[in-house]
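> Sharing a structure with you now.
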Amino acid sequence: QVQLVESGGGLVQPGGSLRLSCAASGSIFRIIPMGWYRQAPGKERELVAVITSSGSTNYADFVKGRFTISRDNAKNTVYLQMNSLKPEDTAVYYCNARRNGMDNWGKGTLVTVSS
């Protein structure tokens, strides 16, 4: 089991930026893949971005060119830098870690994009 704690959410105007952080427990962080998902009201949870243990990344089409996922293994932390935010980015953002084929989730952090 991996414990995950997200932070960095808040209220931002359209076109603004936020950086989300996810702190993970344990010594295995450096060898497991990590991801960010989001869930808007009335919608299913959807994949935003993933990063492997070696640093390879993939993004959903709706965030390409705007969001960047990264990890700092020395700090057991994964980040999501969000630029050029749009109102449709409003959602609860969740950190994900997959260990032994099982998903681990944080509690989520709310991002609201509104003028």
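> Please enumerate the residues belonging to the range 38-71 that are open to solvent by 50 Å² or more (accessible area, probe 1.4 Å) and of a type outside the set (S, T, N, Q).
P41, G42, K43, E44, R45, E46, L47, Y59, D61, F62, K64, G65
> Something else: Can you name every residue in the range 93-111 that is open to solvent by 40 Å² or more (accessible area, probe 1.4 Å) and either closer than 16 Å to W36 by Cα or of a type in the set (S, T, Y) (or both)?
Of everything in the range 93-111, those that are open to solvent by 40 Å² or more (accessible area, probe 1.4 Å) and either closer than 16 Å to W36 by Cα or of a type in the set (S, T, Y) (or both) turn out to be R98, R99, M102, D103, W105, K107, L110.
> Among strands (runs of 3 or more DSSP E) lying entirely in the range 1-93, which contain 2 or more residues that are among the hydrophobic types (A, V, I, L, M, F, W, C), under 11 Å from the mean Cα position of the chain (by Cα) and farther than 22 Å from N104 by Cβ?
It comes to none.
> Within the range 1-17, how many residues turn out to be touching a helix residue (DSSP H, G or I) at 6+ places or on another chain (Cβ under 9 Å) and either modelled with pLDDT under 95 or within 16 Å of T77 (Cα to Cα) (or both)?
Residues that pass the stated criteria total 1.
> Considering only residues that are in contact (Cβ under 8 Å) with a residue 60 or more places away in the chain and surrounded by 16 or more Cβ atoms within 10 Å (Cβ to Cβ), which ones fall in the range 1-28?
Residues satisfying the conditions are V2, L4, E6, G8, G9, V12, L18, L20, C22, A24.
> Return the residue satisfying two criteria in turn: it lies in the range 72-90 and is over 19 Å from A23 (Cα atoms) and among the charged types (D, E, K, R), and of such residues it is surrounded by the fewest Cβ atoms within 10 Å (Cβ to Cβ).
Of everything passing the filter in the range 72-90, E88 is surrounded by the fewest Cβ atoms within 10 Å (Cβ to Cβ).
The values are calculated or read from the model by the stated rules, or taken from the named source; none is laboratory data. Everything numeric in this text was worked out from a predicted model, so none of it was measured. FYI the Cβ positions are ideal-geometry reconstructions off the backbone, even for glycines, and counts take in every protein chain you see. Calculation scope for accessible area: heavy atoms of the full protein, side chains included, ligands and nucleic acids excluded. Shrake-Rupley method; radii C 1.70, N 1.55, O 1.52, S 1.80 Å.
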